Amino acid sequence: MALTGSSIGGMDRAKAGPAPVVDQAAGDAARRAAALPKVVLHEHLDGALRIDSLLALLRERGVEPPARDARTMAAWLDANAHAGSLERFLEGFALTVAAMASVDALARVAREVAEDALAEGAVLAEFRIAPLLFEAFGLSADAVVEALLDGLARCPALPSGLIVCAMRHLPPGETLRAARLALRFAGRGPSGRGGPGGPGVVGFDLAGAEFGHPCSEHAEALALVRRAGLPMTLHAGEADAAERVLEAARHGARRIGHGVRLADALADPERRPLVDEVRARGLHLEVCPTSNVHTGAAASIAAHPITALWRAGVSLSVHTDNPLFSRTSTTAEMAALMRETPLTEADLLAMTRQAAAASFLGTSAREQALRRIDAAAEAMASKAARVGSDRGGDARNARDARDTKGAQDAQAPEGARTAERAASVR
């Protein structure tokens, strides 16, 4: 059964009669997922607002929201998410961009999104947005970035950074402008502050409708960013073919937004070398399961290709994409995967470790995050060993949990190690 955004996002549910075994299993998965550390690599700020903030900000700007209160707004978002089309899914951004179109609103949203990630157990986070979208509301792109970095800085307990997006359906000249904007703020914090002590711009991305707009259309901007040494994560292999993943890599991407169409190559001997090259390059996929269901890239959580890609040794991790639109969270994504797929806590923890290693943040932030993830793995191993002993020895659970770093290497032997080696020299 396809898992909807409302069914995993904690929204109100219609009661369909008693199902204590299912409820117990769901509750157990949610509890275990909540306890896991998180790393945020793929979350769009303009797709992550709190519903109450969205309504308040729209009204402040004199924009009538499509729903009167949080409950009906959530229902409106849920219906829009289930259109099964990436283009329809992206329409919600017109609403959120309008709500965020002031310096104060931008800072508020960035702070709140960072606080929400921290409350969920994030040990490191990168958030992304397309600053040039706000120029239509009279804001300069530089002012947008300044405000967002200021907002992130107001959540100092969470190491974080900003990824500047360009919209791939716009002319290449606009992408070049976005690239130059990202480079102006690379390594800077709000008002020129930052460096090791504050958030700055840490990467560049191409977002928006992928099909019909390959990253090769924006080769000049991507080359500029690549030559400057600013890391890139490019959306690819979500609404277009697996070959787009390698195209993005050849333009300099270290990570791939989504990349789930790569699974199509697993069953095709003539295309299997695509997967081999992804592993050899150490590419890391930022997979967003519920979003992929909503945009039609996957039929359901149970049928999502994340398990096949993971078993094939591809380095990847789990993210939300646009939690406001998909009515989800990182915890909910992990819980859904544990309920609906063969993936285990050990798998998810290993994925999180790979995410930290693939982060564009500085060495200190990555190492701190890795230490916290490894501590969680050790605690999980100790607990599994105690439970196994109490039950007469559950060797499988103890073995799975004993060394998450080892689990990572076993699942993605070359890709994961290559990604960590690349991270170590940044």
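Taking R177 and the conditions (1) more than 20 Å from E217 (Cα to Cα); (2) touching a helix residue (DSSP H, G or I) at 6+ places or on another chain (Cβ under 7 Å); (3) open to solvent by 60 Å² or more (accessible area, probe 1.4 Å); (4) in contact (Cβ under 8 Å) with a residue 40 or more places away in the chain, which numbered condition does it fall short on, given that it satisfies the others?
Checking R177 against (1) more than 20 Å from E217 (Cα to Cα); (2) touching a helix residue (DSSP H, G or I) at 6+ places or on another chain (Cβ under 7 Å); (3) open to solvent by 60 Å² or more (accessible area, probe 1.4 Å); (4) in contact (Cβ under 8 Å) with a residue 40 or more places away in the chain, the one that fails is (1).
Need the failing condition index for P289 against (1) in contact with a His (Cβ under 6 Å, 6 or more places away or on another chain); (2) surrounded by fewer than 21 Cβ atoms within 10 Å (Cβ to Cβ), just the number.
Evaluating P289 over (1) in contact with a His (Cβ under 6 Å, 6 or more places away or on another chain); (2) surrounded by fewer than 21 Cβ atoms within 10 Å (Cβ to Cβ) leaves (2) as the failure.
Can you tell me which residue among A308, A241, A302 is surrounded by fewer than 24 Cβ atoms within 10 Å (Cβ to Cβ), part of a loop (DSSP other than H, G, I, E, B) and out of contact with any Ser or Thr (no Cβ under 7 Å at 6 or more places or on another chain)?
A241
Search the stretch 259-285 for residues being outside any helix (DSSP H, G or I) and free of Cβ contacts under 8 Å to residues at least 60 places away in the same chain, and hand back the single one that is nearest to the chain's Cα centre (by Cα).
Only one residue fits best here, namely L285.
Table: residues versus (1) out of contact with any strand residue (DSSP E or B) (no Cβ under 7 Å at 6 or more places or on another chain); (2) assigned to a loop (DSSP other than H, G, I, E, B); (3) modelled with pLDDT under 95; (4) not hydrophobic (A, V, I, L, M, F, W, C).
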residue	(1), (2), (3), (4)
A2	yes, yes, yes, no
S6	yes, no, yes, yes
D12	yes, yes, yes, yes
A26	yes, no, yes, no
A29	yes, no, yes, no
A33	yes, no, no, no
L55	yes, no, no, no
V63	yes, yes, yes, no
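For A35, are the conditions met, namely being more than 20 Å from V144 (Cβ to Cβ), touching a residue at least 60 places away in the same chain (Cβ under 8 Å) and open to solvent by 30 Å² or more (accessible area, probe 1.4 Å)?
Yes, satisfied.
Scan the stretch 85-92 and tell me whether some residue there is at pLDDT below 95, polar (S, T, N, Q), surrounded by fewer than 18 Cβ atoms within 10 Å (Cβ to Cβ) and assigned to a helix (DSSP H, G or I).
No - not one qualifying residue is present in the stretch 85-92.
Here are A357, A377, A401: which of them is among the hydrophobic types (A, V, I, L, M, F, W, C), touching a helix residue (DSSP H, G or I) at 6+ places or on another chain (Cβ under 6 Å), at pLDDT 95 or above and crowded, with 22+ Cβ neighbours inside 10 Å?
Answer to the selection: A357.
Among the residues of the stretch 248-263, is any under 26 Å from V202 (Cα atoms), open to solvent by 10 Å² or more (accessible area, probe 1.4 Å) and among the basic types (K, R)?
Yes - at least one qualifying residue is present in the stretch 248-263.
Inspect all residues belonging to the stretch 57-69 and state whether any of them is open to solvent by 60 Å² or more (accessible area, probe 1.4 Å) and within 17 Å of the chain's Cα centre (by Cα).
Scanning the stretch 57-69 turns up no residue that is open to solvent by 60 Å² or more (accessible area, probe 1.4 Å) and within 17 Å of the chain's Cα centre (by Cα).
If only one of V144, V123, V164 is open to solvent by less than 60 Å² (accessible area, probe 1.4 Å), in a helix (DSSP H, G or I) and touching a helix residue (DSSP H, G or I) at 6+ places or on another chain (Cβ under 6 Å), which one is it?
Within the list V144, V123, V164, the selection yields V144.
Pairs, please: C-beta under 6 Å, at least 6 apart or cross-chain, first residue on the phi < 0 side of the Ramachandran plot and buried (at least 18 other Cβ atoms within 10 Å of the Cβ) and in the stretch 199-221, second β-branched (V, I, T) and assigned to a helix (DSSP H, G or I)?
Matching pairs, first to second residue: F204/V225; H218/T175; A221/T175.
Filter the stretch 326-368 down to the residues that are under 22 Å from A114 (Cβ atoms), assigned to a helix (DSSP H, G or I) and over 16 Å from the mean Cα position of the chain (by Cα) and list them by number.
T363, S364, A365, R366, E367, Q368
The values are calculated or read from the model by the stated rules, or taken from the named source; none is laboratory data. Predicted model, so just to flag it, every value in this text is computed and none were measured. Neighbour counts run over all protein chains shown; Cβ positions are idealised from the backbone, glycine included. Surface accessibility is based on the protein's heavy atoms, side chains included, excluding ligands, DNA and RNA. Shrake-Rupley method; radii C 1.70, N 1.55, O 1.52, S 1.80 Å.
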